[in-house]
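One structure is given here, and the rest of the page talks about it.
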């Protein structure tokens, strides 16, 4: 099972606020903590003292703190990639390299005596990870995470995101991506339009972002890039992440009947394996509710994303639940009872035959 994470930026907040946020995250099953040393000014001792209090508190909750650094910081803090004792003293679980070295250094860093994890940037699309692998790293201490992007329209394209993710999946390296909170107000830099890895996630609800990452596969861990997410967002994210099957939001029509509500919201759905290009079929509702009435209503023509239930006119199919994948003519035997919420319509592309899912009322 993967892990959920949050981000804290001690230099931009107070210890008390970070502490309360860590407590809340811990309550909802979050395990990872991302923090950044990219923006640090000051000497080694000041840096350690400022961060250590928050890191220690996260560690006391059993959380794992990953510290983001850039190569110039090694020089600034007078530390060497051969000696990670600075991060060990800080209590860090791992070090994320915002910009990498040549491959040999990263491999050596994974062989550190403290077993500090070395997390490398996944978003470049180069043969960076292959290069590191050629230097025989300790793969148990090697992890990857995608970048996050505070500037609107600069986030990763989906195809590029998948290409980069697969480069890491082939070595079974733990992967992570960032999602965006809409209630959070800051990140490591003064300007931010949210902090997500995928650009097409920027405006989506946090639970929808998580559902998407789970459906596409290949990403183990998911972290919120900005701070501070609300409790409602954490709860929604936790439910979306830990549930064994995804839930998809449906906007129902006012005319929906009680038996149709049962079909949609009181039954687990399975995507029938012998699939059609026109509709996703969840056939068991016609068996479970075969004794209920399904009179014809709302038999207008069908658009992609419409949620359908066959009415009495369809004989043995009466009560079957479907989701339209294409436009279809309606001959009067199919009731249009609602439609997939606009913001989750794209998730239909990622549901796979034989998978199970739930429908929830938007």
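Readers should treat all values here as calculations from the given coordinates under stated rules, not as data from a laboratory. Only a predicted model underlies this, so the values are computations on that prediction, with no experimental measurement involved. Cβ placement follows ideal geometry from the backbone for every residue including glycine, while neighbour counts extend to all protein chains displayed.
Stretching the chain fully between residue 343 and residue 239 yields a gain of 35.6 nm (0.36 nm per residue, less the alpha carbon separation). Across the stretch 53-205, Cα-Cα distances exceeding 25 Å account for 33% of all pairs.
Residue order for 195, 348, fewest other beta carbons within 10 angstrom first, comes to 348, 195.
Counting other beta carbons within 10 Å of each residue's own, what order do 312, 307 fall into, fewest first?
Working: 312 14, 307 26.
With the sparsest Cβ surroundings first, the list reads 312, 307.
Rounded to the nearest 5, the antiparallel percentage of DSSP beta bridges internal to the stretch 4-242 is 10%.
Shape analysis of the stretch 103-154 yields a ratio of the Cα radius of gyration to the Kirkwood radius, Rg/Rh, of 1.07.
Scaled to the globular estimate 2.2 N^0.38 Å, the Cα spread of the stretch 1-130, given as radius of gyration, is 1.05.
For the stretch 309-337, the residues whose amide N sits under 15 Å from a probe point set 7 Å from the Cα of residue 255 along the beta carbon direction are 309-313, 330-337. From the Kirkwood radius over Cα pairs of the stretch 222-287, Stokes-Einstein at 10 °C and 1.306 mPa s returns a whole-number translational diffusion coefficient of 105 µm²/s.
Note: the stretch 248-361, Cα convex hull, 91 Å³ per residue.
Spacing of the modelled spin labels on residue 13 and residue 231, each 7 Å from Cα toward Cβ, amounts to 1.6 nm.
For residue 274 and residue 160, a Förster radius of 35 Å and the Cβ-Cβ distance give a FRET efficiency of 0.55, rounded to the nearest 0.05. Counted residue by residue at 0.36 nm each, then reduced by the alpha carbon distance between them, the extension gain from residue 138 to residue 266 reaches 41.3 nm.
Taking the average, over residues, of other Cβ atoms within 10 Å as the packing measure, peptides 331-342, 219-230 rank 219-230, 331-342 from highest down. For the stretch 296-362, the spread of Cα coordinates along the three principal axes comes to 31, 22, 21 Å, biggest extent given first.
What FRET efficiency would be calculated for the residue pair residue 53, residue 101, taking the C-beta separation as r and a Förster radius of 25 Å, to the nearest 0.05?
Plugging the Cβ-Cβ distance into 1/(1 + (r/R0)^6) gives 0.25.
Computed from the C-beta positions of residue 60 and residue 171 and an R0 of 45 Å, the FRET efficiency is 0.85 to the nearest 0.05. Applying 0.36 nm per residue to the separation of residue 1 and residue 83 and subtracting their alpha-carbon distance, the gain on full extension is 26.4 nm.
Relative to the longest principal axis of the Cα atoms of the chain, the long axis of helix 206-216 makes an angle of roughly 90 degrees.
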